[in-house]
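The values are calculated or read from the model by the stated rules, or taken from the named source; none is laboratory data. The model shown is predicted, which means the values in this text are computed figures rather than measured ones. For neighbour counting, all protein chains shown are included, and Cβ atoms are generated from backbone atoms with ideal geometry for every residue, glycine included. Accessible surface areas use protein heavy atoms only, side chains included; no ligands, DNA or RNA. Shrake-Rupley method; radii C 1.70, N 1.55, O 1.52, S 1.80 Å.
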Amino acid sequence: MTTWRIDGGSEIDRSKPIGFTFEGRAIRGYDGDTIASALLANGIRVVGRSFKYHRPRGVWGAGVEEPNAIVDVSGGNRPAPNVRATTEPAQDGVMVRSVNYSPSALSDRKGFIDLFARFIPAAFYYKTFMWPDWHVFEPRIRAMAGLGTIDPAWTAAAFADQVNHHCDLLVIGAGPAGLAAASVAASMGRSVMLVDDQCTQGGTLRYQKAEIDGLPGAAWVDEIIGRLRVANCTVLPDTTAFGIYDHNLVALSQRQGDKPDTLWRVRPREIVLATGAIERPLAFANNDLPGIMSADAALQYLRRFAVVPGRRIIVATNNDSAYAVAAALFASEAEVTVVDTRVNAPAIEGASFVSPAALYPGREGAKPWRR
């Protein structure tokens, strides 16, 4: 998987270049990049190792769904152990390190453990290392399976602010559905709070082409946000709803950049969950290795950060949703092959197309990795 940066990118500001290090290697990026998008743009393929078998891991997602790209960030205004590289903004001058490796994520001397995976199933150690005493082996086993490193000398610079808030409607998620719900409620005179864990609103409209009420997606988002601000609604970007408790108490964590996060305790009359959906990965052998990425994430890196996730790309699908992704990747001059499990599937002009169902007549849903 050879990645590269192209023109465009709705999230990045090319007039503000930044630089940081990843395991000692200099990484160049732009303001608005996440750590993951900057690593991909610099051709970083292996970003970590698996928790147990120390298998190599690459970037799979583009948001909170990311299971692989877990990193420690230091050198900034506050340390951040065990953060997702897909959600952590890239900052100038910070030092980023992967987790669970020795001496590096690319060359992990513990990677040999994967060769014995069939002999060490889940919880094998609780049965294997009982004699003479489990506690003799426990410290070393836990150290081998650890993730990030916490600095024991670190102390909080200040206490976080805490805010109590009441509203008629709390909308969690500022994508198309959340914006529409908040707009309708505001037009009825309701007090509305709209929160989203991204720095800008719009959700999928930030990277997918759409038209709503006769307006392009981005223009529609700006219009709705303008209406909400005129109606004195509370709009909180960079805010994660992390719990719903008794009596409709919702806890929010609002990121404040260099300042400590703000804790919001909100008691709304009603709640709308509009957090969207996460693409389900296809199950096949070695689908956890570097070079495997969700189609939605590939489109986000392309449109938001102007990063093409590879020069030779296979888009495997069983539905029409992946064809827009394949077309966008093909337009970026990547070599694209679409593998569709269906017999009658659309095609993209100029892109290669393989239908396993056509290769295996009578086997609808035949798996392409068994060809």
Entirely in region 20-127, the strands (runs of 3 or more DSSP E) that have 1 or more residues that are crowded, with 17+ Cβ neighbours inside 10 Å and in contact with a Phe, Trp or Tyr (Cβ under 6 Å, 6 or more places away or on another chain): 25-31, 95-98
Given the criteria of a type outside the set (S, T, N, Q), surrounded by fewer than 20 Cβ atoms within 10 Å (Cβ to Cβ) and modelled with pLDDT of 95 or more, does K16 qualify? yes
What is the one condition in (1) modelled with pLDDT of 90 or more; (2) of a type in the set (S, T, N, Q); (3) under 28 Å from D31 (Cβ atoms) that N248 does not satisfy? (3)
Search result, residues across region 265-289 that are part of a loop (DSSP other than H, G, I, E, B) and crowded, with 19+ Cβ neighbours inside 10 Å: A274
Scan region 221-257 residue by residue and report those that are over 22 Å from N164 (Cα atoms) and either open to solvent by 50 Å² or more (accessible area, probe 1.4 Å) or among the aromatic types (F, W, Y) (or both). D222, E223, R227, V230
Failed item, numbered, when T262 is tested on (1) open to solvent by less than 60 Å² (accessible area, probe 1.4 Å); (2) part of a loop (DSSP other than H, G, I, E, B); (3) out of contact with any Lys or Arg (no Cβ under 8 Å at 6 or more places or on another chain); (4) not hydrophobic (A, V, I, L, M, F, W, C): (2)
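In region 136-143, is there at least one residue being small (G, A, S) and either part of a loop (DSSP other than H, G, I, E, B) or in contact with a His (Cβ under 7 Å, 6 or more places away or on another chain) (or both)? Outline the logic, then answer.
Here is the first cut: in region 136-143, the ones small (G, A, S) are 143.
Subset that is either part of a loop (DSSP other than H, G, I, E, B) or in contact with a His (Cβ under 7 Å, 6 or more places away or on another chain) (or both): none.
Checked region 136-143: no residue is small (G, A, S) and either part of a loop (DSSP other than H, G, I, E, B) or in contact with a His (Cβ under 7 Å, 6 or more places away or on another chain) (or both).
Specify which of the listed residues (A218, A185, A180) is open to solvent by 60 Å² or more (accessible area, probe 1.4 Å), at negative phi and either of a type in the set (A, V, I, L, M) or touching an Asp or Glu at 6+ places or on another chain (Cβ under 8 Å) (or both).
Selected residue: A218, the only one of A218, A185, A180 that is open to solvent by 60 Å² or more (accessible area, probe 1.4 Å), at negative phi and either of a type in the set (A, V, I, L, M) or touching an Asp or Glu at 6+ places or on another chain (Cβ under 8 Å) (or both).
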